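Here the structure is laid out as structure tokens; the discussion comes afterwards.
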Amino acid sequence: MSDLATSRGPMPLYFGMRGDRLAVSALFLVNGFLVGSWAPKIPVLMARLDITESIMGLLILAFGLGSIAMMPVIGALTARHGSSPVLKPATLALLPMLFLLTLAPELITTAAVIFVFGGLIGGMDVAMNTNAVAVEKRMKRAIMSSCHGFWSLGALLGAALGGVLLGSVGEIAHGLIVTVLATVAALFALPLLAQDQPTPEAKAATPLKFPRSPLPYLVGIMALFAMIPEGAILDWSALFLQQEHGASIELAALGFAAFSATMAIMRFAGDVIRHRLGAVLTLRICGGFALTGMVLAALAPVPELAILGFAIAGIGISNIVPIAFSAAGNLPGIPSGIGLSIVTVMGYSGILVAPSAIGFIAEHTGFSPVLMGTAALVLVTLSLSRLARYANFSAE
């Protein structure tokens with residue numbers, strides 16, 4: 001029996017889309033938009049506070065630690081109460097945080113706001129993924145990949161708009177405009193959320209401790225070993241192309257741009273692919289693309305081929321994590337919120353924590369061996385691909 005008692009009544013359509021699906025997609029967009037809006041603020045924040053790169057690095061670490069600290073808490077709350085009652089206050093609490101960060105007067109206050117901002121971003125991430133699982137169960141079809149596609153789209157819009165606004169109207173106006181736009185979208189979406197409630201059995205059985213079953217941890221490894229390559233490309237692709245291929249700054253920037261573009265496109269296509277091929281085969285095909293792309297990037301003799309490798313890797317990595325999240329929300333005997341909190345924490349460690357270790361290793365070995373190492377991690381994800389069957393709605 002599902003751990004969610006979801007209603008199955010008629011669902012009104014908005015812009016040709018079910019209300020509950022549109023709502024959770026919009027919240028993914030808002031979450032990505034706020035993260036994307038945070039990125040271009042970093043140099044402005046450094047100048048305003050007169051801090052060094054090392055201090056900014058600690059502030060970014062505070063963002064990651066806040067996310068990792070909050071994810072298990074929100075996971076336990078969603079397991080006990082359902083995602084909607086948790087997602088609504090988490091979203092409303094998140095909306096003003098970027099503007100509060102803009103107003104933070106000194107370093108300690110800024111660090112505290114960034115920690116809370118990261119915690120609410122991470123907590124909202126768990127709750128909205130749980131809600132997306134509930135909508136998938138109602139619809140009996142995959143929507144998780146497109147939800148993550150909306151997140152990628154939101155991040156792109158936030159970063160692009162942030163650059164324009166910060167340069168034209170300044171930091172305070174940027175923070176206010178971003179907050180207003182995110183609030184309008186969120187207030188439209190929140191009333192339409194799927195009202196998922198845990199069954200009495202799940203509510204009574206939900207522990208506030210780690211489950212004994214190995215399944216969520218194995219699915220978490222799948223997500224982690226897909227997101228470590230993503231973190232490596234996000235943080236180090238430009239430096240790799242500059243240092244080891246002599247690429248210009250403009251050319252080096254195309255590495256992550258190509259990766260992001262193919263990832264966003266394939267995430268919007270991923271639900272249809274997964275519906276036709278099944279989650280296991282889709283994950284295996286994606287793993288093959290990810291492995292091929294990372295190896296090509298590592299061994300490419302010229303920067304153009306390395307950029308092509310990153311683009312191919314984006315095709316592959318795009319749908320591994322959404323499939324892992326869908327599987328985490330459908331594991332037998334484990335409430336969706338608990339499974340998703342474990343997999344989310346493990347997976348996002350690949351982006352929030354692993355890149356610092358990658359930089360240390362690359363300093364001693366160069367980036368090509370590191371990229372080959374991340375390709376080897378994809379092999380572990382492929383070896384666990386049978387676990388993706390829990391993302392199929394017929395899985396028991």
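The values are calculated or read from the model by the stated rules, or taken from the named source; none is laboratory data. All of these numbers come straight from a predicted model, not from anything done at the bench. Backbone-built Cβ (ideal geometry, glycine too); neighbour counts: all protein chains shown. Heavy atoms of the whole protein, side chains included, go into the accessibility calculation; ligands, DNA and RNA do not. Shrake-Rupley method; radii C 1.70, N 1.55, O 1.52, S 1.80 Å.
What the table below lists for this structure:
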{"read-out": "Boolean, ILE265 is open to solvent by 20 Å² or more (accessible area, probe 1.4 Å) and closer than 23 Å to PHE28 by Cα", "value": "yes"}
{"read-out": "Test: ALA182 is crowded, with 24+ Cβ neighbours inside 10 Å and at negative phi", "value": "yes"}
{"read-out": "Pairs, first in contact (Cβ under 8 Å) with a residue 24 or more places away in the chain and of a type in the set (Val, Ile, Thr) in region 53-70, second outside any helix (DSSP H, G or I) and open to solvent by 20 Å² or more (accessible area, probe 1.4 Å), C-beta under 9 Å, six or more apart", "value": "ILE68/VAL353"}
{"read-out": "Any hit, region 313-325, residues being more than 21 Å from the chain's Cα centre (by Cα), more than 30 Å from PRO72 (Cβ to Cβ) and surrounded by fewer than 24 Cβ atoms within 10 Å (Cβ to Cβ)", "value": "no"}
{"read-out": "Residue within region 147-156 that is touching a residue at least 60 places away in the same chain (Cβ under 8 Å), in a helix (DSSP H, G or I) and surrounded by fewer than 21 Cβ atoms within 10 Å (Cβ to Cβ) present", "value": "yes"}
{"read-out": "Those residues of region 61-112 which are in contact with an Asp or Glu (Cβ under 7 Å, 6 or more places away or on another chain) and of a type in the set (Val, Ile, Thr), in sequence order", "value": "THR102"}
{"read-out": "Cross-chain or 6+ apart pairs with Cβ under 7 Å, region 337-353 first and open to solvent by less than 30 Å² (accessible area, probe 1.4 Å), then not in a helix (DSSP H, G or I)", "value": "ILE338/THR206; ILE338/PRO211; GLY339/GLY329; GLY339/LEU331; LEU340/GLY329"}
{"read-out": "Helices (runs of 4 or more DSSP H) contained in region 247-329 and holding at least 1 residues without any contact (Cβ under 8 Å) to a residue 40 or more places away in the chain and in contact with a Pro (Cβ under 9 Å, 6 or more places away or on another chain)", "value": "279-299"}
{"read-out": "Residue ID - farthest from ALA232 (Cα to Cα), chosen from residues in region 354-386 that are without any contact (Cβ under 8 Å) to a residue 24 or more places away in the chain and open to solvent by less than 70 Å² (accessible area, probe 1.4 Å)", "value": "ALA376"}
{"read-out": "Residues of region 157-179 satisfying the condition of being open to solvent by 80 Å² or more (accessible area, probe 1.4 Å) and either at pLDDT 90 or above or not in a helix (DSSP H, G or I) (or both)", "value": "ILE172, LEU176"}
